[in-house]
Amino acid sequence: MRRWRSERVVGRPDPKVNEHHLQASALPADGRLRLLSFNIQVGISTERYQHYLTRSWQHLLPHTGRANNLQKIGNLLNDFDLVALQEVDGGSMRSGYVNQVEHLAHLGAFPYWYQQLNRNLGRFAQHSNGVLSRLCPTALEDHPLPGPAGRGAILVRFGEGADALVVVMMHLALGARTRTMQLAYIRDMISDYKHQVLMGDMNTHAVDLLEHSPLRDLGLLAPQVEATFPSWRPQRCLDHILLSPTLTLERVAVLAQPISDHLPVAVEIRLPDSLRKDSLPVPGNPAGPLA
């Protein structure tokens, strides 16, 4: 069974168990939550289109630069409370048998982490999503998404009932038809909750998500307008953190960190009083990379 563990241990998945209940959540007492979404391309740096060809071998074999890239990413994570990772390797030959989700959790000092294995190619590749958290959620759900195998979403919930905060991390398909099916599935996942955050590599622009997809009636906001791909000359806004109108946006930024072929997206939000009333103080540095 895969589950959150304070000792940062993740085991193998149990297909019969989809939801893991955890201890009571402890949202920050000041009501501020800092979120980051980053497609890390399994630690490969890409600086021009030709690198997709000349560095393609790095998707199959280990290389010395990967550790340095992961260290840079780990340094970036230090000032965030909740991180969504896409294109992470779960511990295969190409990553030197390092579970990159676990490794980044250690580098960023996150007490909770979770790896979602979406495409298992044995020792050659462990295609995964990941989530890192300084806060213990009430529940976690692992969802394979509709369409061809290999895409998934992770739902974490803070609190109980309709007034809980629900956060869904995802990596959506490239094709519009499959992506529409996946967004319809995600819309059903979150429809009973008032406070919603969707974050990840969504492979399409905000206008498509908010006006032409199954999400269009949720009233979600897309505060980030800067392009995220390709990282060396951003032209397309594919990575998003979408918010329900019940959550107050404080800051948003696309971080100038061309470590992967995508740039990371960061937001700071302020939670409504209803989510803060039973919260516990969570230590942290009040200043961060969004400053």
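Read the figures in this text as sums done on the coordinates, not as results from a lab. Keep in mind that this is a model prediction, so the values were computed, not measured. Neighbour counts are summed over all protein chains in view; Cβ atoms, including those assigned to glycine, are modelled from backbone coordinates with ideal geometry.
Among the residues of the range 134-151, the ones that are assigned to a strand (DSSP E or B) and surrounded by 22 or more Cβ atoms within 10 Å (Cβ to Cβ) come to 2 in all. Checking the structure you have, find out if any residue of the range 174-186 is buried (at least 17 other Cβ atoms within 10 Å of the Cβ), in a loop (DSSP other than H, G, I, E, B) and either out of contact with any Cys (no Cβ under 9 Å at 6 or more places or on another chain) or hydroxyl-bearing (Ser, Thr, Tyr) (or both). No, that holds for no residue.
I'd like the residue in the range 152-166 that is of a type in the set (D, E, K, R) and outside any strand (DSSP E or B) and, out of all such residues, is surrounded by the most Cβ atoms within 10 Å (Cβ to Cβ).
Kept after step one, since they are of a type in the set (D, E, K, R), are these residues of the range 152-166: 157, 160, 163.
Checking which are outside any strand (DSSP E or B) leaves us with 160, 163.
Numbers: 160: 11, 163: 13.
Selected residue: 163.
Whenever a residue of the range 70-81 is polar (S, T, N, Q), its partners that are buried (at least 16 other Cβ atoms within 10 Å of the Cβ) and in a helix (DSSP H, G or I), lying with C-beta atoms within less than 8 angstrom and at least six residues away or across chains, give the pairs 71/107; 75/107.
Residues are listed down the side, and each one gets a yes or a no for (1) among the aromatic types (Phe, Trp, Tyr); (2) more than 25 Å from residue 190 (Cα to Cα); (3) without any contact (Cβ under 8 Å) to a residue 60 or more places away in the chain:
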position	(1), (2), (3)
102	no, yes, no
111	no, yes, no
123	no, yes, yes
131	no, no, yes
137	no, no, no
141	no, no, no
158	yes, no, no
162	no, no, yes
179	no, no, yes
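Of the residues that make up the range 221-230, is at least one buried (at least 16 other Cβ atoms within 10 Å of the Cβ), in contact (Cβ under 8 Å) with a residue 12 or more places away in the chain and in contact with a helix residue (DSSP H, G or I) (Cβ under 6 Å, 6 or more places away or on another chain)? Yes, the range 221-230 has at least one match.
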